[in-house]
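*Asks:* Quick one: structure below, then a few questions.
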Protein chains: 4
Amino acid sequence: MSTTTSTTALSPDSARQGYDRSRPVRVAVLGVGMMGQDHARRLATLTAGAELVAVSDVDVVRTDAVAAEFGVRAIHDPKAAIVDPEVDALVIATPGFTHEELVLLALEAGKPVLCEKPLTTTPETSRRIVEAEAALGRQLVQVGFMRRFDAGYQQLRALIASGEYGAPLFLHCAHRNATTPPNFSSEMLMLDSVVHEVDVVRYLTGEEVVAIRVIAPRSTTSAPDGLQDPQFVIMETESGVLVDVEIFVNTTFGYEVRTELVAEKGQARIGLPGGFEGGMVTQSGRGWGGSIPKDFKERFGAAYDVEFQRWIDAVRAGTNVDGPGVWDGYAAAAVCAAGVQSLKTGERVVIDLGPRP
Amino acid sequence: MSTTTSTTALSPDSARQGYDRSRPVRVAVLGVGMMGQDHARRLATLTAGAELVAVSDVDVVRTDAVAAEFGVRAIHDPKAAIVDPEVDALVIATPGFTHEELVLLALEAGKPVLCEKPLTTTPETSRRIVEAEAALGRQLVQVGFMRRFDAGYQQLRALIASGEYGAPLFLHCAHRNATTPPNFSSEMLMLDSVVHEVDVVRYLTGEEVVAIRVIAPRSTTSAPDGLQDPQFVIMETESGVLVDVEIFVNTTFGYEVRTELVAEKGQARIGLPGGFEGGMVTQSGRGWGGSIPKDFKERFGAAYDVEFQRWIDAVRAGTNVDGPGVWDGYAAAAVCAAGVQSLKTGERVVIDLGPRP
Amino acid sequence: MSTTTSTTALSPDSARQGYDRSRPVRVAVLGVGMMGQDHARRLATLTAGAELVAVSDVDVVRTDAVAAEFGVRAIHDPKAAIVDPEVDALVIATPGFTHEELVLLALEAGKPVLCEKPLTTTPETSRRIVEAEAALGRQLVQVGFMRRFDAGYQQLRALIASGEYGAPLFLHCAHRNATTPPNFSSEMLMLDSVVHEVDVVRYLTGEEVVAIRVIAPRSTTSAPDGLQDPQFVIMETESGVLVDVEIFVNTTFGYEVRTELVAEKGQARIGLPGGFEGGMVTQSGRGWGGSIPKDFKERFGAAYDVEFQRWIDAVRAGTNVDGPGVWDGYAAAAVCAAGVQSLKTGERVVIDLGPRP
Amino acid sequence: MSTTTSTTALSPDSARQGYDRSRPVRVAVLGVGMMGQDHARRLATLTAGAELVAVSDVDVVRTDAVAAEFGVRAIHDPKAAIVDPEVDALVIATPGFTHEELVLLALEAGKPVLCEKPLTTTPETSRRIVEAEAALGRQLVQVGFMRRFDAGYQQLRALIASGEYGAPLFLHCAHRNATTPPNFSSEMLMLDSVVHEVDVVRYLTGEEVVAIRVIAPRSTTSAPDGLQDPQFVIMETESGVLVDVEIFVNTTFGYEVRTELVAEKGQARIGLPGGFEGGMVTQSGRGWGGSIPKDFKERFGAAYDVEFQRWIDAVRAGTNVDGPGVWDGYAAAAVCAAGVQSLKTGERVVIDLGPRP
């Protein structure tokens, strides 16, 4: 139950009414290791409508350094950050074993949370959070299964949902990392890596996983002694979709995540080279291939987004022009005018821009 | 993006000193046709550090409608918007023939401008802006050649700049649209479409275009009567790079833009299906292919960005949870715990989540 | 391939000494269903050094028809064909249950056999043939595992053998057919289809398969009632390579066979779109991609082979010219001469071929 | 006019009646440099129905060596080979400047000729052959434009002929070699390399080329001094199809030949990585992609052809078994029997093959 009386924090009522668009959400990032620092940077420079106001970590030195980098408050106790009246919402990027306590505190404080996966490290503790949120009567916690926001997975899910290819029969998955950090254990291949595929299966099929089996082949000689790497995981969903996952975290090169759907009347794969943005390639009675962008917004939408972000960043930094300037506009105009002349005459036209001021 | 009470526009001095990060840039969009509306939406919902404060168009009804949609001011005279003290920077998306006057006014007002291409419709008028900005002594104008912000073009440019493949010899380009709007003229293939390739050539090679020739093959029967479509454009750069552009704007389907570099010791292409993000595929003495994402940031960075934007949007709208919730976190924890058990026993493990609260 | 008057069959001695190149091998095809007819056509029209001399099938009408089509003898009893003195070698394409008896007869007769897969339908009967051939002291039987002659599988095998990617860990296979013939049983997915993957695994790794497990997911609604389709097969080799095979024989469209190798330091796949001839695409520390043909022989070798076969076929049929004729040669010469002129002058040159005789 | 009285050579009458299938065509290869030797090997080992009987070259030593290698006659005067009564047909692989005389002699002798490109080195001499053959009243000469027998070009031609994509508008071609032999001149890029594209254009469109223009960009530093490499060739066909060819013969690596068709309603490309056999990839209103092999004959037809050729070669050489033997058949049978058992029980089944005899 939220007990905060702050009038500036997001109250349950204001949550229901919706924010005033002119007011950014004040966010604190808890845990500023590699992942938390990346999220802090994201909130500070890329996320419209967000204002990074604080970072918090039990490592005091690191907290102060990151706070200074972004010009925000350092709060040395994550629990204090959760109840801070100047903080509207929380990103939790601390180690997994701390998640249960922090998320429950955030639920009590009535504040929205984006919690990095895993939600918690055991089913029992996760179940406790499920029940706490259910008792609260509204959803405040989002878990960091970010593949749901990847264009490829969204395309694959839409394809399954469309029913065009009939019922799904198989999902063949591979998840490969170049190397593992020190002290990575055989269990962590499941808890740290396959956990993403578990969510992907549930997201794509809309079904729960009802059984799992792990087969341990021989290990690669590139893995540390004692680490069972790779592993082969077989899952079954409620309706009988068979899922296999090759998890291999010491390939020595690159990061690859791919999923292939095999349905009754067609197949589709993402994560392999091939295809335009999102990259889904299908096979069906119509042949193999993919769709063609229908217009420039689909093809270059991301480039427009980056263009605008970089322009605003340059304006704020007082270092305009970051992108193409007037000389570029002039040169293009001169070449195009010559092109129109050539179209009319059929002749080669020479262009002279004159001296650049 | 927090609110601010400042009433002064960005002064030349403040531009040099840099903005205070906590203060958003107040932007007005001039021209709110299809393109301008899309830019207004981008500034209002995606660009961190920007605040859309006004829209302006000679079409009064449209201006009022778009202003209402975004909850910002409607300014019926674009020139008034430029000098408005509550406006820090301008996006110009009005028709090309108005650009000269508006950009010159913005230069006078000392305000940063992001001007949609073309800068102006003739070399003479563009040259006038070049000189006006030069006289001002600082760069305030960016032209909307957004392909410079596309991952593929950036990869291609970096490859040329690296010198790894030797000097560039050819750029083979294709630019294809499904259909043209009414009244699209043969000249507009050059002025509206090939203008992008002109900038691409200059961006990729760092050289000016010194000659151009347009060859008119027969027209497609899908083009309106009198429209010369497709055209074949040949350009030469200062050092002798030969550029050919197939421009074809009534293919009847899809939007395709591609560029292939042929250099002394290798080739590279973008814009064709194939490859991971950005999609560059190379050919050289090492074979054909591309690079593999080195880590999850490269592979899923965009997904994290979207995840955060959608989470903040949901928090602001008071409609949390938008993404995966605690049940998803619990289900994943339960499946992974069963997986660890299977890894130890080698047996298939059945999962029972219990009732959902 | 000249004619010969020899009436003696290939004796064990002549086999050891080698054939005289000027003398074709006289082959009989036993079993002329779809597969046997295709093999008869292959021997009669494509295989240099072979002479189709007889066909044999228990279906007398079919035997006579096929014999007439190819202008060869019809022998109604396959056993008679095996001992016929005018027959040097045998292709066995009869149903699997007849193979044991026919192959053993051929061994007795000391004649080389190309036997369609399966060698026999049970391990016991196959073992009996192994022992009979071993007792004979020389190899006379080849089994029709034709994937060993596919460019892709050969490339994949060479890659494994090179050791460049370290030890193999996984082989992920898929084998898909559009539909099954009537009366196809659940066991036949294994005996008729997966049997190819079994040989592929042995061919690629050079190891025996030591364990197998079949998982039966739900069946596609496109499969006949009672047919378990698809199936998921997991095999293990001597050194611990884990092999999984998706076998799915009612996809409703197309025929697809693919294999992906995952080794300690790289991966490679064949059978997916992508890549030049053979189509192997690799992933390793050098990126993903493939090799580029090194010369025209590699790129167009097959085209030269077809060109020569079609030319000889036309000459034999007395219907020369089948391919490009002298007018084509003349037109090319005229265009190229004009091209050389244009290279010297830089001008467009018009070509006039004159009237065609 | 044929003056030969030989009764064994192919007479005009026998040509009209067609050959007896049991009798091979006796072929002599004129010119046994790299290309001629390769053709001799092809005729001796791959082409069904052909019998290599002689080789001929002005280089006496080389002629004798090649003749010995293949066990055929050495004829030191190519003109003698043409009229030799034991020779039915001729492959001409001598230098281009000798072609006119040799082809005219073959026409006189009434013998079929497969003449390597170019037919002759000038339009005038080629025209003379056209007229000589026309006077003869039947076609005896085939020119070695072997791309017409490449699966990709055949697919592209069929696509154009189908009219599905409307009229062709562009053909974009690239032709790249790793390096050139010594003394390769700027004219030879046209006469030796682009000559293939000239035929491709005529083959694909069924139209004559009516104009040509060559643009010379700067040369690569990898080309010998004085060699204009690369070149850019623009051709126009009767109906107005615009063809551009990048010819680049010192890329330092690999051999690449590709063609892209741009038609009114679709595009298609061959020669790039991507696609199954033949490799055509299309773009149209249905998306981008290709077709899926419809059955095992399409996917593995070439493997069957190679399997049979290698089996016959091994039988002739007396070195059977070249391919998979009975142990391979036995091992597959044992694994599959275990697989069927696993399908029934759901359990992992261990396989024991016993000792190998």
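*Asks:* Residue under question is A:R127, and the condition is that it be within 25 Å of the chain's Cα centre (by Cα), among the basic types (K, R) and farther than 30 Å from C:H175 by Cβ; does it hold?
*Replies:* Taking the combined requirement at face value, the residue satisfies it.
*Asks:* Those residues that are touching an Asp or Glu at 6+ places or on another chain (Cβ under 9 Å), surrounded by fewer than 22 Cβ atoms within 10 Å (Cβ to Cβ) and outside any helix (DSSP H, G or I), I need them from the range B:292-313; list them, please.
*Replies:* Answer for the range B:292-313, where residues must be touching an Asp or Glu at 6+ places or on another chain (Cβ under 9 Å), surrounded by fewer than 22 Cβ atoms within 10 Å (Cβ to Cβ) and outside any helix (DSSP H, G or I): just B:P293.
*Asks:* Give just the number: which of (1) under 19 Å from C:S126 (Cα atoms); (2) out of contact with any strand residue (DSSP E or B) (no Cβ under 6 Å at 6 or more places or on another chain); (3) crowded, with 23+ Cβ neighbours inside 10 Å does D:G329 not satisfy?
*Replies:* Of (1) under 19 Å from C:S126 (Cα atoms); (2) out of contact with any strand residue (DSSP E or B) (no Cβ under 6 Å at 6 or more places or on another chain); (3) crowded, with 23+ Cβ neighbours inside 10 Å, only one is false for D:G329: (2).
*Asks:* Can you pull out the residues in the range D:216-234 that are in contact with a strand residue (DSSP E or B) (Cβ under 7 Å, 6 or more places away or on another chain) and at pLDDT 95 or above?
*Replies:* Those that are in contact with a strand residue (DSSP E or B) (Cβ under 7 Å, 6 or more places away or on another chain) and at pLDDT 95 or above: D:T220, D:D229, D:P230, D:Q231, D:F232, D:V233, D:I234.
*Asks:* Shifting gears a bit: Does any residue of the range B:282-291 turn out to be touching a residue at least 40 places away in the same chain (Cβ under 8 Å), within 21 Å of the chain's Cα centre (by Cα) and surrounded by 22 or more Cβ atoms within 10 Å (Cβ to Cβ)?
*Replies:* No - not one qualifying residue is present in the range B:282-291.
*Asks:* Which pairs turn up if I take residues in the range D:327-345 that are within 18 Å of C:S186 (Cβ to Cβ) and look for partners that are basic (K, R) with beta carbon separation below 7 Å, at least 6 apart in sequence or on another chain?
*Replies:* D:S342/C:R213; D:S342/D:R348
*Asks:* Same structure again: Within the range B:38-47, can one find any residue that is among the hydroxyl-bearing types (S, T, Y), closer than 17 Å to B:V113 by Cβ and modelled with pLDDT of 95 or more? Don't jump to the end; show me each part of the working.
*Replies:* We begin by selecting, within the range B:38-47, every residue among the hydroxyl-bearing types (S, T, Y); these are B:45, B:47.
From what's left, closer than 17 Å to B:V113 by Cβ: B:47.
Then drop every residue that is not modelled with pLDDT of 95 or more, which leaves none.
So far as the range B:38-47 goes, no, none of its residues is among the hydroxyl-bearing types (S, T, Y), closer than 17 Å to B:V113 by Cβ and modelled with pLDDT of 95 or more.
*Asks:* Still on this structure: Report whether or not B:K265 is touching a residue at least 24 places away in the same chain (Cβ under 8 Å), surrounded by fewer than 19 Cβ atoms within 10 Å (Cβ to Cβ) and not acidic (D, E).
*Replies:* When the stated conditions are applied, B:K265 passes them.
*Asks:* Which members of the range C:234-246 meet the condition of being crowded, with 23+ Cβ neighbours inside 10 Å and in contact with a Ser or Thr (Cβ under 8 Å, 6 or more places away or on another chain)?
*Replies:* C:V241, C:V243
*Asks:* Right, something else. Of all residues in the range C:269-295, how many are more than 12 Å from chain B (Cβ to nearest Cβ) and touching a helix residue (DSSP H, G or I) at 6+ places or on another chain (Cβ under 9 Å)?
*Replies:* So the answer is 6.
*Asks:* Kindly establish whether A:R316 is free of Cβ contacts under 8 Å to residues at least 60 places away in the same chain, charged (D, E, K, R) and buried (at least 18 other Cβ atoms within 10 Å of the Cβ). Please lay out each step first, then the result.
*Replies:* Numbers: free of Cβ contacts under 8 Å to residues at least 60 places away in the same chain: yes; charged (D, E, K, R): yes; buried (at least 18 other Cβ atoms within 10 Å of the Cβ): yes.
Here the answer is yes, as A:R316 does meet what is asked.
*Asks:* Can you name the number of the only condition in (1) crowded, with 20+ Cβ neighbours inside 10 Å; (2) within 14 Å of chain A (Cβ to nearest Cβ); (3) not basic (K, R); (4) not in a loop (DSSP other than H, G, I, E, B) that C:A211 fails?
*Replies:* Of everything listed in (1) crowded, with 20+ Cβ neighbours inside 10 Å; (2) within 14 Å of chain A (Cβ to nearest Cβ); (3) not basic (K, R); (4) not in a loop (DSSP other than H, G, I, E, B), C:A211 misses just condition (1).
*Asks:* Let me ask something else about it. Does D:L191 satisfy the criteria of being under 27 Å from D:A106 (Cα atoms) and assigned to a helix (DSSP H, G or I)?
*Replies:* On the way: under 27 Å from D:A106 (Cα atoms): yes; assigned to a helix (DSSP H, G or I): yes.
Criteria met by D:L191.
*Asks:* Same structure again: Tell me, yes or no, whether the range A:98-114 has at least one residue that is surrounded by 21 or more Cβ atoms within 10 Å (Cβ to Cβ), touching a His at 6+ places or on another chain (Cβ under 9 Å) and closer than 30 Å to B:E298 by Cβ.
*Replies:* yes
*Asks:* Taking the conditions exactly as written (under 28 Å from C:R26 (Cβ atoms), at pLDDT 95 or above and not acidic (D, E)), does D:V91 satisfy them or not?
*Replies:* yes
*Asks:* Which of (1) touching a residue at least 40 places away in the same chain (Cβ under 8 Å); (2) crowded, with 19+ Cβ neighbours inside 10 Å; (3) outside any strand (DSSP E or B) is the odd one out, the single condition D:P273 does not satisfy?
*Replies:* The number of the failed condition is (1).
Let's see how each residue does on (1) more than 26 Å from D:R286 (Cβ to Cβ); (2) touching a Gly at 6+ places or on another chain (Cβ under 7 Å):
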{"position": "B:T252", "(1), (2)": "no, yes"}
{"position": "B:V257", "(1), (2)": "no, yes"}
{"position": "B:L261", "(1), (2)": "yes, no"}
{"position": "B:E264", "(1), (2)": "yes, yes"}
{"position": "B:R269", "(1), (2)": "no, no"}
{"position": "B:G274", "(1), (2)": "no, yes"}
{"position": "B:G287", "(1), (2)": "yes, yes"}
{"position": "B:F300", "(1), (2)": "yes, no"}
{"position": "B:D305", "(1), (2)": "yes, no"}
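*Asks:* In the range C:146-164, how many are more than 10 Å from every other protein chain (Cβ to nearest Cβ) and crowded, with 17+ Cβ neighbours inside 10 Å?
*Replies:* Number of matching residues: 5.
*Asks:* Select from the range C:159-184 the residues that are part of a loop (DSSP other than H, G, I, E, B) and more than 26 Å from A:T251 (Cβ to Cβ) and list them in ascending order.
*Replies:* Result: C:N177, C:A178, C:T179, C:T180, C:P181, C:P182, C:N183, C:F184.
*Asks:* Criterion first (in a strand (DSSP E or B), in contact (Cβ under 8 Å) with a residue 40 or more places away in the chain and within 27 Å of D:A161 (Cβ to Cβ)) does D:E236 satisfy it?
*Replies:* Spelling it out, it is not the case that D:E236 is in a strand (DSSP E or B), in contact (Cβ under 8 Å) with a residue 40 or more places away in the chain and within 27 Å of D:A161 (Cβ to Cβ).
*Asks:* Here is a list: D:A74, D:A40, D:A89, D:A80. Which entry is loosely packed, with under 15 Cβ neighbours inside 10 Å, aliphatic (A, V, I, L, M) and assigned by TED's automatic domain parsing to the domain that holds D:P112?
*Replies:* D:A80
The values are calculated or read from the model by the stated rules, or taken from the named source; none is laboratory data. In this text, all values refer to a predicted model and were calculated from it rather than measured experimentally. Don't worry about glycine lacking a Cβ; one is built from the backbone with ideal geometry, like all the others, and counts go over all protein chains shown.
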